[in-house]
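Undergrad: Here's a structure for you.
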Amino acid sequence: MGALALLGSLVAKSDDAGFCVVWRGSSGIMGGGEGGVERAERVAFNEVTFRRANEMIGERAEELAVTGRVPFVCECGDASCLERVELSLAEYEGVREDARCFLVAPGHAITGPDLGRVIRSETRYGVVEKIGLSGEIAEARDPRSAD
Ligand SMILES: [Zn+2]
């Protein structure tokens, strides 16, 4: 409960800031130990943040009626990652069908108990399904879930 509330308040802050690139590279906010729950929360938090960014990119691409590939950002849990992943809107929709699935650049999947597992590995991109604690966070923070 505490974790989700914290996550909620941090994500809410990103709305004020407009965008959240600030957090990428800033280890201070969710920093701390590398192990267990804390790490799962931090990784999930980064992923959720960048999924939100991609949602905006996708919406914008739709508005502009982009037909080719769209430069999405890697949704891996590494706060310093700035990798671009080019996908068509249809491909991204395929990833986003499941609230627990995230788009990552090839080789960027962060896997493990309470972190995630690779469910798809293409030349241009990979898809990670969040499991355990981070799966719950991902689902709770899905921008597309109505409530
Ligand atoms: Zn990455």
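Undergrad: State all residues of the range 42-71 that are under 12 Å from ALA138 (Cα atoms), more than 12 Å from the ligand (Cβ to nearest atom) and in contact with a strand residue (DSSP E or B) (Cβ under 7 Å, 6 or more places away or on another chain); if no residue qualifies, say none.
TA: Once the filter is applied, which keeps residues that are under 12 Å from ALA138 (Cα atoms), more than 12 Å from the ligand (Cβ to nearest atom) and in contact with a strand residue (DSSP E or B) (Cβ under 7 Å, 6 or more places away or on another chain), the range 42-71 yields only ARG51.
Undergrad: Confirm whether CYS74 is under 14 Å from ASN46 (Cα atoms), within 16 Å of the ligand (Cβ to nearest atom), under 11 Å from the mean Cα position of the chain (by Cα) and among the hydrophobic types (A, V, I, L, M, F, W, C).
TA: So CYS74 passes the test.
Undergrad: Then there's this: In this structure, is GLU86 under 16 Å from the mean Cα position of the chain (by Cα) and charged (D, E, K, R)?
TA: Yes: the conditions hold for GLU86.
Undergrad: Additional query: Do we find that ASP142 is in contact with a helix residue (DSSP H, G or I) (Cβ under 9 Å, 6 or more places away or on another chain), more than 16 Å from the ligand (Cβ to nearest atom) and either under 18 Å from ASN46 (Cβ atoms) or in contact (Cβ under 8 Å) with a residue 40 or more places away in the chain (or both) in this structure?
TA: Yes.
Undergrad: Taking interchain pairs and intrachain pairs at least six residues apart, which have beta carbon atoms under 7 angstrom, with the first residue in the range 83-103 and under 17 Å from ARG141 (Cα atoms) and modelled with pLDDT of 95 or more and the second in a strand (DSSP E or B) and among the aromatic types (Phe, Trp, Tyr)?
TA: These pairs meet every condition: LEU103/PHE72.
Undergrad: When the range 99-141 is examined, which residues are found to be among the charged types (D, E, K, R) and surrounded by fewer than 17 Cβ atoms within 10 Å (Cβ to Cβ)?
TA: Listed by number, the residues that qualify are ARG117, ARG120, GLU122, ARG124, GLU139.
Undergrad: If you don't mind, there's one more thing I want to ask. Which numbered condition trips up GLU83, out of (1) in contact with a Leu (Cβ under 8 Å, 6 or more places away or on another chain); (2) surrounded by fewer than 19 Cβ atoms within 10 Å (Cβ to Cβ); (3) of a type in the set (Asp, Glu)?
TA: Status for GLU83: all satisfied but (1).
The values are calculated or read from the model by the stated rules, or taken from the named source; none is laboratory data. Remember, predicted model here, so these are calculated numbers, not experimental data. Because the Cβ atoms are built from the backbone with ideal geometry, glycine has one as well, and the counts that use them run over all protein chains shown.
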